[in-house]
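The values are calculated or read from the model by the stated rules, or taken from the named source; none is laboratory data. What you see is a predicted model, and the numbers here were worked out from it, not measured in a lab. Positions of Cβ are generated from backbone atoms using ideal geometry, with glycine treated the same way; all protein chains shown enter the neighbour counts. Just the protein is used for accessible areas: all its heavy atoms, side chains included, with ligands, DNA and RNA removed. Shrake-Rupley method; radii C 1.70, N 1.55, O 1.52, S 1.80 Å.
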Amino acid sequence: MKKIICLALAAVLAVCCFASCGETKKKEMVMGTNAAFPPYEFVDDNGGFAGIDVEIATAVAEKLGMTLTVKDMEFDSLLTAVQSGSIDVALAGMTVTDERKQSVNFSDTYATGIQSIIVKNGSTIKTVDDLKGKKIGVQAGTTGDMYCTDDYGQENVKQFQNGSLAVAALANGQVDCVVIDNEPAKSFVASNKDLVILDTKYAEEDYAAAIKKENTEFLDNFNKALKELKESGKVKEIIDKYIAAK
Ligand code: GLN
């Protein structure tokens with residue numbers, strides 16, 4: 001009899017350990033991003049990651065009983081990282097596109113963006129139509145890169161690893177303009193008086209989180225948490241904190 005109880009106890013312990021081990025492994029949510037895209041993600045004065053995406057991911061992770069780990073990488077490495085499973089989710093002001101949907105699933109959208117054009121004060125570029133034949137700076141692998149390559153030809157598009165490098169190239173005359181999302185555009189222009197954003201919208205887009213196609217359970221959980229955060233006003237609160245409410 002004692003033996004049977006012992007065996008039963010051992011079995012219960014084994015199951016508990018198994019369950020809790022599994023749980024421990026799932027407790028971490030690894031978010032990949034490119035932390036050079038303010039106000040969505042950037043490195044703050046204390047060297048930590050901050051921004052809209054970081055805070056939304058933190059709030060989602062909290063709802064799911066997980067802790068968030070942020071991995072900083074090049075924007076154009078994010079989808080491969082999602083596919084390989086080295087990150088659980090990419091949040092990077094990433095635009096939902098049909099092309100990207102072929103390699104990853106997107107969560108529900110949580111924000112919108114606009115592709116803006118930054119030029120030097122007094123530039124002859126006044127509207128989207130003036131981009132023809134001009135040297136356009138973009139961030140590699142972004143929608144701005146794709147649209148400009150399609151519309152104006154690869155030979156006219158110069159790729160940079162992040163937006164601030166593209167903007168620096170504009171400031172020192174290597175390119176005639178930069179096509180980039182509107183909120184980072186505002187932030188880059190704010191620190192350079194010689195630059196302006198044209199009052200024209202090149203493209204309007206939806207931002208969402210990218211998740212590995214096979215991770216449908218995580219996608220569902222992510223969406224449920226996101227929905228609750230939208231309904232409670234938390235998502236709006238986070239966005240308003242970084243972007244002055246219009
Ligand atoms: N929204 C753009 C895209 O998805 C740019 C994102 C980014 O540079 N972080 O391509």
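Computed from the C-beta positions of Glu62 and Asp194 and an R0 of 45 Å, the FRET efficiency is 0.60 to the nearest 0.05.
Which net charge results for the neighbourhood of Lys101, defined as the other residues with beta-carbon distances under 15 angstrom from its beta-carbon, given Lys and Arg at +1 and Asp and Glu at -1? Residues close to Lys101 contribute a combined charge of -3.
Using a probe radius of 1.4 angstrom, the carbon and sulfur fraction of the accessible surface of the chain is 53%. Taken along its principal axes, the alpha carbon cloud of the chain reaches lengths of 91, 35, 31 Å, longest axis first. One equal scatterer on each Cα of the stretch 45-142, no solvent, Debye formula: the resulting log10 I(q)/I(0) at q = 0.22, 0.24 Å⁻¹ is -1.27, -1.40. Normalised by 2.2 N^0.38 Å, where N is the number of residues, the C-alpha radius of gyration of the stretch 96-186 stands at 1.11. For the residues Phe106, Phe222, a 1.4 Å probe over the protein chains yields an accessible-area ranking, largest first, of Phe106, Phe222. Computed with a 1.4 Å probe over protein heavy atoms only, the accessible surface of the chain comes to 52 Å² per residue.
The GNM of the chain, with springs linking C-alpha atoms under 10 angstrom apart, assigns the highest mean-square fluctuation among Asp150, Asp181, Asp45 to Asp45.
Spin-label pair Asp220-Ser86: with each label point 7 Å from Cα along the Cα-Cβ axis, the two points sit 3.0 nm from one another.
Rounded, prolate or oblate, given the Cα gyration tensor of the stretch 193-246, with a/c below 1.5 counting as rounded?
oblate
State whether the stretch 160-227 is rounded, prolate or oblate according to the following rule on the C-alpha gyration tensor (a ≥ b ≥ c being the square roots of its eigenvalues): a/c under 1.5 gives rounded; otherwise a/b larger than b/c gives prolate, and the remaining case gives oblate. Prolate.
If you take every residue apart from Asn156 with its C-beta less than 15 Å away from the C-beta of Asn156, what net charge results, scoring Lys and Arg +1 and Asp and Glu -1? Display every interim value, and only then the final one.
Numbers: positive: Lys132, Lys134, Lys135, Lys158; negative: Asp129, Asp130, Asp145, Asp150, Asp151, Glu155, Asp176.
Result for the local shell: -3.
Residues Asp199, Asp145, Asp194, sorted by accessible area with the largest first, give Asp199, Asp194, Asp145 [1.4 Å probe; ligands and nucleic acids excluded].
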